[in-house]
Amino acid sequence: MVDKPVVLGLPLDVLFEIFWYLHPLDLVYLTRVSKHFRLFLLSRRKAKSIWTGALKRIDRLPQCPSYLSEPAYANLLFWPYCHRCYSSCDVIQWELRIRCCNGCTGDMLIGRGKLPLFVDQLNCLDAGQLIPIKPLTVASHVDVTKLNMQYKSVKDSLLLNDLIIHRKKVTQEIYQHAALCRIWEAEVADQRRKELIDQRKRDVVEKLENLGLGDELELLRSDASALKEFDNLVVRQDQELTDSSCQVSLLRLQNFLEIKRARRLTVLLQDCFKNLAVVVSDMTKTSKNNKNNNLKVFPQAIDVCLLSEVRCMIDVPGVLSAEAFVDALTLRLPQLLLAWNSQVTRQLADLVRAQLGGIDNDVDPLKLAALVFRCSNCRSHVTYPSALAHPCLRAKTLDKPWVQLPMETTALGRRMSLVEVYENAAIEAFEMYPWNCTVLEAGGCFKRIHNLFQVLGRDPNSTTVDDMESCPIRVTCKSCSGSRNRMILTYRTALIHLVRNHSDSKADAVWGVVV
């Protein structure tokens, strides 16, 4: 024999105090713990007030209807399982007072067309007045069985009319209470959704702060439209932030904040860029008029802007006033122009050395006599130093912000550095890309030039312009010269003739040395 649980041996007032703090679902589970708990909690004399109090503590819950006991009402409301097979079931059939999974519909529900014939023969307008029927015209098997039994007991007596009146009254009460329960269910679902959204926001904000985006979140709170966009991204799913969904959501939100941050910094930098453009323009005009300047090419404002020294001056808003920035830039600009010239010359030399190969380290590749560039954009040929100022080395940008929603210029989850933001903001402000020599091809004509230098008896990988200028050798293009006249060319004019009129084929240009 199973002993009575120790807790049931406590005084009733202590038991009531304990059960008073329990949720109705906890009480439902206790009825299934043991026979003693079940007998105690299902006793209307002992436990009715416990159930009533537990149900009252549920916010806005409709009162227990007269056709259900408090335990049955709590079981319907909170026990999340099918009433037949006990599988998980979240949908409550309010009019039918049951939970029914898809697999049990055939056993628990009856279609309206299969109702007993006597239902339509009774003195009422519609079967739904006698038995609760869902809008999908199905009834509970239990309700139909109960009505059938009641009908059989009174069908040949004067009590039949009383049964009809009673059934109409009970059914009407069921419909009314079901409507109230649906309203409560919707309110609970809405409240649960709000709680999930709030929790999701807290989790998201905490994770974004851990990623170093706390300052950007603070700034976002002062922008109503941006905050609304952020909230829409957060609440795209009204579910808890699991590990799997966390990664996708955080990447979108992180990307959103990166976009806002980049856009904000871009706007802050615009005034400095405007001042810089004016100073560079004035200084460039002055330098061009100065015959003593040693610059091979003049930079544009964006080139000066991207110099590390200038970026350090601009990239700290509020440290320098506009006037102080202009004064400091004007003072430093002559040295900056020289530094930029040295930088781009070095870049071009590195490009030549990388493309041609085989050039000795002690030879300046830009001074090679055989060096002719071909532009991959316009297909024209240029030599050094005019190649430094070739128009294709500066490309115009499209007239639109470099960073916007949806952001296509950065991958999801990648954090943009301040240098990256600064450089792209400058490109947007000046509507052009900085100087870039990668469109030039140093080896485009090298094969045909190599043939010419073989005739001259010189090594194209080491012979410099100075070597050839001091050399009196002249050549003639036998392929283009006629019988009566010959083309007598210096090495430089021969280069120009070669790249303009001949291909890389050896047979295409035949050279001879003029003695």
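Throughout, read-outs are computed from the coordinates displayed, never taken from laboratory work. Since the model is a prediction, treat every value here as computed from it, not as a measurement. Note that we place each Cβ from the backbone using ideal geometry, even for glycine, and neighbour counts take in every protein chain shown.
Here are the numbers:
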{"quantity": "Per-peptide average of other Cβ atoms within 10 Å, ordering 217-226, 324-333 highest first", "calculated": "324-333, 217-226"}
{"quantity": "Difference of contour (0.36 nm per residue) and Cα-Cα distance, ASP364 to LEU233", "calculated": "41.5 nm"}
{"quantity": "Rg and Dmax [Cα atoms of region 281-371; Å; Rg one decimal, Dmax integer]", "calculated": "16.8, 52"}
{"quantity": "Rough spin-label spacing in nm, given labels placed 7 Å along Cα→Cβ, for LYS274 and GLN191", "calculated": "5.5"}
{"quantity": "Loop-located trypsin sites (Lys or Arg not before Pro) in region 1-81, at most 14 other Cβ atoms within 10 Å (DSSP)", "calculated": "ARG32, ARG57, ARG60"}
{"quantity": "Simple spin-label estimate for ASP90 and GLU469 in nanometres, 7 Å along Cα-Cβ", "calculated": "8.4"}
{"quantity": "Peptide ranges 207-216, 343-352 listed from the most packed, as the mean C-beta count within 10 angstrom indicates", "calculated": "343-352, 207-216"}
{"quantity": "Cross-link partners of LYS152 among aspartates and glutamates (Cα-Cα below 14 Å; sequence separation of 8 or more within a chain)", "calculated": "ASP162"}
{"quantity": "Spherically averaged projected area of region 1-97 from its Cα convex hull (nm²)", "calculated": "7.4"}
{"quantity": "Cross-link pairs beyond the 23 Å C-alpha cut-off, checked among LYS194/LYS228; LYS56/LYS169; LYS207/LYS228", "calculated": "LYS56/LYS169"}
{"quantity": "R0 of 41 Å, Cβ-Cβ distance GLU173-LYS35: FRET efficiency to nearest 0.05", "calculated": "0.80"}
